[in-house]
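The next block holds one structure in the form of structure tokens; read it before the comments.
The values are calculated or read from the model by the stated rules, or taken from the named source; none is laboratory data. Computed from a predicted structure; not experimentally measured. Positions of Cβ are generated from backbone atoms using ideal geometry, with glycine treated the same way; all protein chains shown enter the neighbour counts.
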Amino acid sequence: MLSILIVEDEQAIANLIDINLSDEGYRCTCAYDGRQGADLIERETFDLILLDIMLPEINGYELLEYVKPTGTPVIFMTAMGAVPDRIKGLKLGADDYLVKPFQIGELLARVEAVLRRSGKGEKQLAVGDVRINTESRHVTKAEQPVELTCKEFDLLVELVRNKNIALYRDRLYEKVWGEPFVGETRTLDTHIQRLRKKLDWEKRIKTVFRIGYRLEG
């Protein structure tokens with residue numbers, strides 16, 4: 001599970017980010033001032049740091065200099081939205097710069113993009129209590145292992161990576177089986193039914209009439 005440090009002095013914002021990132025399968029730790037953030041960075045290893053700039057004790061710019069030797073990617077999230085502020089943050093070494101107020105969906109997209117660029121993304125996927133490691137091909141539900149066949153695993157990953165998107169049967173088949181779709185849906189439908197049963201996802205994997213399937217996140 002990828003770990004994220006949230007350094008944000010407004011506790012309501014930090015807790016909201018924590019809840020939403022945790023729901024996506026990340027392990028989050030919150031620090032409410034720069035000194036607490038520095039202490040955590042010294043003691044623990046994180047995959048990503050979300051960093052406010054206007055922090056008590058040690059500001060975000062100073063803390064970024066503290067982070068650099070660790071090589072941990074950083075996203076600034078701040079109300080300082082002027083172009084010179086954004087330029088300064090990026091030139092100092094931040095991997096991205098998000099101006100408050102922002103939508104949680106945008107933050108999640110930025111987090112995924114930065115982790116992907118840093119080579120840490122896509123290895124861990126999650127929906128609800130299901131966790132997927134794409135390197136080890138290991139799946140758990142409520143921390144208990146779930147045994148999937150090769151094609152069931154590939155189908156699950158494709159659904160999760162396209163969460164909340166209706167996927168056409170033919171494209172889904174061609175992506176997972178790597179061969180042209182000839183109009184026979186029994187193989188795909190059978191694998192969908194097995195995934196629903198093994199993951200208790202009867203209500204989460206939706207059949208989309210005349211199209212295919214959609215995984216609801």
The residue that is farthest from the chain's Cα centre (by Cα), considering only those in the range 25-51 that are outside any loop (DSSP other than H, G, I, E, B) and farther than 20 Å from Lys68 by Cβ, is Cys30
Expected single match for assigned to a loop (DSSP other than H, G, I, E, B) and not assigned by TED's automatic domain parsing to the domain that holds Glu65 among Val182, Val157 is Val182
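Using the structure shown, decide if Lys197 is in a helix (DSSP H, G or I) and charged (D, E, K, R).
It is true that Lys197 is in a helix (DSSP H, G or I) and charged (D, E, K, R).
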Apart from one, (1) touching a strand residue (DSSP E or B) at 6+ places or on another chain (Cβ under 9 Å); (2) under 25 Å from Lys203 (Cα atoms); (3) loosely packed, with under 12 Cβ neighbours inside 10 Å; (4) not aliphatic (A, V, I, L, M) all hold for Gln144; the odd one out is (1)
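Scan the range 76-99 for residues that are in a helix (DSSP H, G or I) and not basic (Lys, Arg) and jot them down.
We begin by selecting, within the range 76-99, every residue in a helix (DSSP H, G or I); these are 83-91.
Of everything in the range 76-99, those that are in a helix (DSSP H, G or I) and not basic (Lys, Arg) turn out to be Val83, Pro84, Asp85, Ile87, Gly89, Leu90.
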Only unsatisfied item for Ser22, checking (1) out of contact with any Cys (no Cβ under 6 Å at 6 or more places or on another chain); (2) assigned to a helix (DSSP H, G or I); (3) of a type in the set (Ser, Thr, Tyr); (4) modelled with pLDDT under 90, is (1)
